[in-house]
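The values are calculated or read from the model by the stated rules, or taken from the named source; none is laboratory data. On a predicted model such as this, the values are computed, not experimentally measured, just so you know. Cβ placement follows ideal geometry from the backbone for every residue including glycine, while neighbour counts extend to all protein chains displayed. Each accessible area value is taken on the protein alone, full model and side chains, heavy atoms only, with ligands, DNA and RNA left out. Shrake-Rupley method; radii C 1.70, N 1.55, O 1.52, S 1.80 Å.
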Amino acid sequence: PVAGGRRILMGDASATVTDSLCRDNATGMPHPHAVVLSANGTEMSGCGGAPLDLLTGIDWTIASAGGATLAEGIEANIRFHPDGSFSGTGGCNRMHGTFTLSGEGLAIGPAAMTMMMCGDDQMKAEQAVGAALATITRFDFAEDGSLQLIAGDQAAIEALP
């Protein structure tokens, strides 16, 4: 054990794995671990762990969609599952669908939704969430730990754990 992680010794080499967010230099893909490999006086750094682990097992509360903060009292959320599916609510109706996470990005398939009628603010939020989900190309995290579902160069959805 080392502070914030662990060190693995392999003869004259070692790998230190810390539990801290690491972004791949080539793609920007976030990973749950930073890794430093030391061998023969040389250090190489990179990322480790599955990016999927950063998304799954958390009920993400959607705070904004399409650049607009959701109205107070609107309950919209999304949960990513290890099998490549997602579920949640768009502000009124329940939704579910699939997503694909690759080394280069995140794609969210069309969301199937129930068809209840709700108040204007709820329906407006739901339309914004649905439209934003369809544009997602990758994900990242802000300094405050919020999930950023990104389309192009902007966060299309911001969600809190």
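Judged by the ratio a/c of the largest to the smallest principal axis of the C-alpha gyration tensor, the chain counts as prolate, that ratio being 1.5 or greater while a/b is larger than b/c. Rounded, prolate or oblate: which fits the range 67-161, taking a ≥ b ≥ c as square roots of the Cα gyration tensor eigenvalues, rounded meaning a/c under 1.5, else prolate when a/b beats b/c? Here the range 67-161 falls in the oblate category.
Take every Cα pair under 8 Å whose residues are at least 6 apart in sequence, average their separation, divide by the length of the chain, and the relative contact order is 17 percent. Accessible surface for the chain, divided over its residues, is 56 Å² per residue with a 1.4 Å probe.
Could you state the angle between the C-alpha long axis of helix 120-133 and the longest principal axis of the C-alpha atoms of the chain, as a value from 0 to 90 degrees rounded to the nearest 10? Tilt of helix 120-133: around 40 degrees.
Count Lys and Arg as plus one, Asp and Glu as minus one, and take only other residues whose Cβ is under 14 Å from that of residue 65; the net charge is then -3. For the range 1-92, the share of accessible area belonging to carbon and sulfur comes to 52 percent (1.4 Å probe, ligands and nucleic acids excluded).
When shorter helices are ignored and each DSSP H run of at least 4 residues is given -39500 (n - 2.57), the per-residue value for the chain at 222 nm works out to -3000 deg cm²/dmol.
In a GNM of the chain with a 10 Å cut-off on Cα contacts, which of 72, 143, 43 has the highest mean-square fluctuation? Comparing 72, 143, 43 in a Gaussian network model of the chain, the most mobile one is 143.
Largest to smallest in accessible area, the residues 69, 42 fall in the order 69, 42 (1.4 Å probe, all protein chains included).
Using the Cβ of residue 129 as centre and a radius below 14 Å, the other residues enclosed give a net charge of -1, where K and R count +1 and D and E count -1.
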